[in-house]
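Peer 1: Sending over a structure as structure tokens; questions will come in a sec.
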Amino acid sequence: MDLDRVIDDPLRETAAALASLLMRLPDPDTGAQVEQLETELAATFGVRHAVAVASGTAALHCALAACGVGAGDEVLVPAVSVVMSVAPIVFVGAKPVFVDCDETGADFNYVDLGSKVTSRTRAVLSVYLWGRSGDPQRLTAFAAERGLRFIEDACQAHGSRFAGRGLGTFGDAGCFSLRDGKILWSGEGGFILSNDAAVAAYCRAYRTHWQMPPAGERPMSRLGHNYRLAEPLAVIARGNLARFDELVGRRRQQSSLLTSLIMGLPGFTIPIPRPEEEWNGYAPLIQLDMPDSRAFSERLAAIGVPNSVGTFRLVASDQRLLFAPYSPSPCPRAKAYIDSMLAIVVSERNSDHDIERYAEILLQEMNAWPGT
Ligand SMILES: Cc1ncc(COP(=O)(O)O)c(C=O)c1O
């Protein structure tokens, strides 16, 4: 096969680097690509430490453990979240406490948040669903005043910023996914950002069965996991990191193209981020004002417009049967927000023509929807 012909331009260098790595594998002692990736991630995001791991879920698990969250602790987490945000809280033996959102859906309802702090609360985990954020500065202050650790689930928030600072760099640890579909991707993978050397050292030890312990500890004196990122995936991540600004720019352009095509039409409202928020455009977001909006999203998924509710069956986390033991009181705003939000799944592979086609389908389906 003529690789030069079939590989996209931006990926040619990555393909060459992968080929060169393959010539050296198997090499169980190699780790050079992961190390390089970590150096580049720390520089790109402007933090002291980056630790590459096998997935965003692994990043959250490592970060929670590194922040000392364990059995008997409670972690405040938005109901506007995904299963993968919440599962790691349960993995470390802690209890997720679901908090409702504010009227924008992107931030905590601070009355609900404050009322759910108990003597067992150990941490607050913010989740930047669809790359949107509340006010991480306010949350930093909230956590500091109460002596809580602050962990960020920035798995969808690569490139989003608040008041000029990248999401995932505000808390004790920021957790990212590199899974396909994320703006920065490597097939599978993840990483943790932190300015705290102890958090980073713990994550490094935890990701590889405590074989490389923090200074002063003996190897394998504690249990960890195999959460290492494979070298070939680090090569792919590095290739994409080199064009990170372009990838974020492309996603933003796709989101604004789609929303510009339907803005102002009855039944569709485009959420407007607050001025400090520089959104990465992770998914074109459209608030649906119509009867049975979940069924509308499901219908769109069935006819080729992939979206969070219709394709991935997204529901507010407090609504999931799986988490019923942790949901003493429902979070009604979170339910209304997720059920009525059409978040369209796009990737750099989607052309402008695809996006225009999605807008056409949306219009057709809206006009035909009973009750609109
Ligand atoms: C908000 C959020 N948190 C956590 C995760 C988990 O990441 P991963 O799939 O890489 O484990 C994802 C990705 O699916 C996500 O979107």
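The values are calculated or read from the model by the stated rules, or taken from the named source; none is laboratory data. These numbers were taken from a predicted model, which means no experiment stands behind them. Every residue, glycine among them, receives a Cβ derived from its backbone with ideal geometry; neighbour counts consider all protein chains shown. The area values use the complete protein model at the heavy-atom level, side chains included, leaving out ligands, DNA and RNA. Shrake-Rupley method; radii C 1.70, N 1.55, O 1.52, S 1.80 Å.
Peer 1: Working carefully through the options GLY281, GLY249, find the one that is outside any loop (DSSP other than H, G, I, E, B) and closer than 30 Å to VAL51 by Cα. Can you show your working first?
Peer 2: Values: GLY281 fails: outside any loop (DSSP other than H, G, I, E, B).
Within the list GLY281, GLY249, the selection yields GLY249.
Peer 1: Can you pull out the residues in region 306-337 that are open to solvent by 30 Å² or more (accessible area, probe 1.4 Å), assigned to a helix (DSSP H, G or I) and closer than 30 Å to GLY93 by Cα?
Peer 2: PHE312, GLN319, LEU321, LEU322, ALA324, PRO325, TYR326, PRO332, ARG333, LYS335, ALA336
Peer 1: Go through the residues of region 345-356 one by one and say whether even a single one is of a type outside the set (Asp, Glu) and farther than 19 Å from GLN253 by Cα. Break it down stepwise before answering.
Peer 2: Restricting attention to region 345-356, the residues satisfying the condition of being of a type outside the set (Asp, Glu) are 345-347, 349-351, 353, 355.
With the extra rule that they be farther than 19 Å from GLN253 by Cα, the set shrinks to none.
Within region 345-356, not a single residue is of a type outside the set (Asp, Glu) and farther than 19 Å from GLN253 by Cα.
Peer 1: Sticking with this structure for a sec: If a residue must be within 8 Å of the ligand (Cβ to nearest atom) and buried (at least 24 other Cβ atoms within 10 Å of the Cβ), how many such residues does region 183-196 contain?
Peer 2: Count: 2.
Peer 1: Please specify each residue of region 74-131 satisfying the condition of being hydroxyl-bearing (Ser, Thr, Tyr) and either open to solvent by 20 Å² or more (accessible area, probe 1.4 Å) or within 16 Å of the ligand (Cβ to nearest atom) (or both). Break it down into steps so the answer makes sense when it comes.
Peer 2: The first filter runs over region 74-131 and keeps only residues hydroxyl-bearing (Ser, Thr, Tyr), leaving 81, 85, 104, 110, 115, 118-119, 121, 126, 128.
Result: SER81, SER85, THR104, TYR110, SER115, THR118, SER119, SER126, TYR128.
Quick grid of which residues meet (1) within 16 Å of the ligand (Cβ to nearest atom); (2) modelled with pLDDT under 95; (3) under 17 Å from LEU178 (Cα atoms):
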position	(1), (2), (3)
PRO28	no, yes, no
GLN33	no, no, yes
THR39	no, no, yes
THR44	no, no, yes
ARG48	no, no, no
VAL53	yes, no, yes
THR57	yes, no, yes
ALA63	yes, no, yes
ALA66	no, no, no
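Peer 1: Looking at region 149-168, which of its residues are more than 14 Å from the ligand (Cβ to nearest atom), open to solvent by 10 Å² or more (accessible area, probe 1.4 Å) and in contact with a Phe, Trp or Tyr (Cβ under 8 Å, 6 or more places away or on another chain)? Write out each step before concluding.
Peer 2: The first filter runs over region 149-168 and keeps only residues more than 14 Å from the ligand (Cβ to nearest atom), leaving 149-150, 159, 161-166.
Checking the rest, the ones that are also open to solvent by 10 Å² or more (accessible area, probe 1.4 Å) come to 149, 159, 161, 163-166.
The answer is GLY159, GLY166.
Peer 1: Go through ILE303, ILE286 for me and flag whichever is among the β-branched types (Val, Ile, Thr), modelled with pLDDT of 95 or more and surrounded by fewer than 17 Cβ atoms within 10 Å (Cβ to Cβ).
Peer 2: Values: ILE286 fails: surrounded by fewer than 17 Cβ atoms within 10 Å (Cβ to Cβ).
Matching residue, one of ILE303, ILE286: ILE303.
Peer 1: Could you give every pair whose Cβ atoms fall below 6 Å, whose first residue belongs to region 72-84 and is farther than 18 Å from SER133 by Cα, and whose second residue is away from the ligand (no atom under 14 Å from the Cβ) and in a strand (DSSP E or B), counting only separations of at least 6 or pairs across chains?
Peer 2: Taking only residues 6 or more apart or on different chains, the pairs are ASP73/ARG122; GLU74/LYS95; GLU74/VAL97; GLU74/THR121; VAL75/ALA123.
Peer 1: If you don't mind, another one. Please find, within region 169-181, the residue that is nearest to ALA63 (Cα to Cα) out of those that are within 11 Å of the ligand (Cβ to nearest atom) and surrounded by fewer than 24 Cβ atoms within 10 Å (Cβ to Cβ).
Peer 2: ARG179
Peer 1: Conditions first: (1) away from the ligand (no atom under 11 Å from the Cβ); (2) under 11 Å from the mean Cα position of the chain (by Cα). GLN211 passes all but one, so which condition is the exception?
Peer 2: For GLN211, the failing item is (2).
Peer 1: Take the residues in region 214-229 that are within 16 Å of the ligand (Cβ to nearest atom) and either modelled with pLDDT under 95 or touching a helix residue (DSSP H, G or I) at 6+ places or on another chain (Cβ under 6 Å) (or both); name whichever of them is nearest to LEU64 (Cα to Cα).
Peer 2: Checked region 214-229; the qualifying residue nearest to LEU64 (Cα to Cα) is TYR227.
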